[in-house]
1. Given the structure, is Ser130 small (Gly, Ala, Ser), buried (at least 19 other Cβ atoms within 10 Å of the Cβ) and more than 26 Å from Arg32 (Cα to Cα)?
2. How many residues are farther than 24 Å from Lys109 by Cβ and charged (D, E, K, R) when one looks only at region 153-188?
3. Quick check on Ile155: is it closer than 12 Å to Pro128 by Cα and either at pLDDT 95 or above or exposed (fewer than 14 other Cβ atoms within 10 Å of the Cβ) (or both)?
4. Within region 92-105, restricting attention to residues that are in a helix (DSSP H, G or I) and touching a Gly at 6+ places or on another chain (Cβ under 8 Å), which residue is nearest to Arg146 (Cα to Cα)?
5. Restricting to region 34-43, name every residue that is without any contact (Cβ under 8 Å) to a residue 60 or more places away in the chain and either more than 15 Å from Phe89 (Cα to Cα) or surrounded by fewer than 20 Cβ atoms within 10 Å (Cβ to Cβ) (or both).
6. Out of curiosity, is Ser142 in contact with a helix residue (DSSP H, G or I) (Cβ under 6 Å, 6 or more places away or on another chain) and free of Cβ contacts under 8 Å to residues at least 12 places away in the same chain?
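The values are calculated or read from the model by the stated rules, or taken from the named source; none is laboratory data. Keep in mind that what you see is a predicted model, and the values were worked out from it rather than measured. Please note: Cβ atoms are built from the backbone with ideal geometry, for glycine as well, and neighbour counts cover all protein chains shown. These area figures cover heavy atoms from the full protein model, side chains too; ligands, DNA and RNA do not enter into them. Shrake-Rupley method; radii C 1.70, N 1.55, O 1.52, S 1.80 Å.
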Amino acid sequence: MKSYLQSCKTEFWHRVFQAEAQWLSRELDGARKVLSVGCGPAVIEAALRERGFEVVGLDVSAEVLRCAPDSIRTVAGSAEAMDFEDHCFDAVVFAVSLQFVEDYHEAIKESRRVLTANGKLVVMLLNPRSEFFQSKMRDPSSYVQRIKHLDLRAIANAMSDGFSIRTEYFLGIQGGRVFETSRPDWASLYVITGRKKA
């Protein structure tokens with residue numbers, strides 16, 4: 001846990017998190033209350049809060065939530081059984097966390113439940129085709145080793161039951177370089193954005 005928290009503070013990860021927060025702030029335009037599931041130390045969430053969003057962070061680890069900024073309301077709990085009322089968020093975000101959840105079908109159902117009518121679900125997934133992902137898989141100490149779900153199409157299909165979805169590739173990472181790209185072999189992320197169906 002300590003090494004993970006330390007790595008979050010490096011200049012490289014700061015650039016990655018800022019790129020993700022900037023993309024998310026555009027995607028979430030019009031939303032006010034945002035739930036971020038698997039928020040960890042809430043670095044991206046703090047950046048979203050600075051951009052005017054009211055953010056709640058949910059994570060299964062109470063330990064990592066103790067490192068979140070005081071400005072972010074955090075809740076320790078499960079993505080598959082969220083302790084929130086129905087229809088209380090305008091948007092739900094999984095920033096590189098859904099693939100690590102045991103039952104992503106339940107997590108998607110819970111996201112739909114807590115979203116307002118016409119609410120938005122944004123799921124950022126690690127792209128197994130990318131050089132970034134493959135380099136992390138070669139590192140036995142990488143957090144990526146704990147990934148549970150690699151079938152991006154299956155996740156998109158699960159989302160399409162309750163959401164109108166669109167997909168895109170995003171965020172090139174090569175070595176220490178962070179850049180914009182939509183090329184499937186370079187983009188570190190595959191993003192599924194869903195609008196809640198009536």
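1. Considered against the rule, which asks whether it is small (Gly, Ala, Ser), buried (at least 19 other Cβ atoms within 10 Å of the Cβ) and more than 26 Å from Arg32 (Cα to Cα), Ser130 comes out as yes.
2. Our first condition is that a residue be farther than 24 Å from Lys109 by Cβ; within region 153-188, this holds for 169-188.
Then drop every residue that is not charged (D, E, K, R), which leaves 177, 180, 183, 185.
Here the count works out to 4.
3. no
4. Top of the filtered list is Phe100.
5. Answer for region 34-43, where residues must be without any contact (Cβ under 8 Å) to a residue 60 or more places away in the chain and either more than 15 Å from Phe89 (Cα to Cα) or surrounded by fewer than 20 Cβ atoms within 10 Å (Cβ to Cβ) (or both): Cys39, Gly40, Pro41, Ala42, Val43.
6. Judged against the criteria, Ser142 is a match.
Every residue, every condition in (1) farther than 24 Å from Leu115 by Cα; (2) in contact with an Asp or Glu (Cβ under 9 Å, 6 or more places away or on another chain), yes or no:
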site: Ser142; (1), (2): yes, no
site: Arg146; (1), (2): yes, no
site: Leu152; (1), (2): no, no
site: Ser160; (1), (2): no, no
site: Arg177; (1), (2): yes, no
site: Thr181; (1), (2): yes, no
site: Pro184; (1), (2): yes, no
site: Leu189; (1), (2): no, yes
site: Ile192; (1), (2): no, yes
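So that you can scan it fast, the table gives a plain yes or no per residue for (1) touching a residue at least 24 places away in the same chain (Cβ under 8 Å); (2) aliphatic (A, V, I, L, M); (3) more than 26 Å from Tyr169 (Cβ to Cβ); (4) part of a loop (DSSP other than H, G, I, E, B):
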site: Glu45; (1), (2), (3), (4): yes, no, no, no
site: Cys67; (1), (2), (3), (4): yes, no, yes, yes
site: Thr74; (1), (2), (3), (4): yes, no, yes, no
site: Asp83; (1), (2), (3), (4): no, no, yes, yes
site: Asp90; (1), (2), (3), (4): yes, no, no, no
site: Ala107; (1), (2), (3), (4): yes, yes, no, no
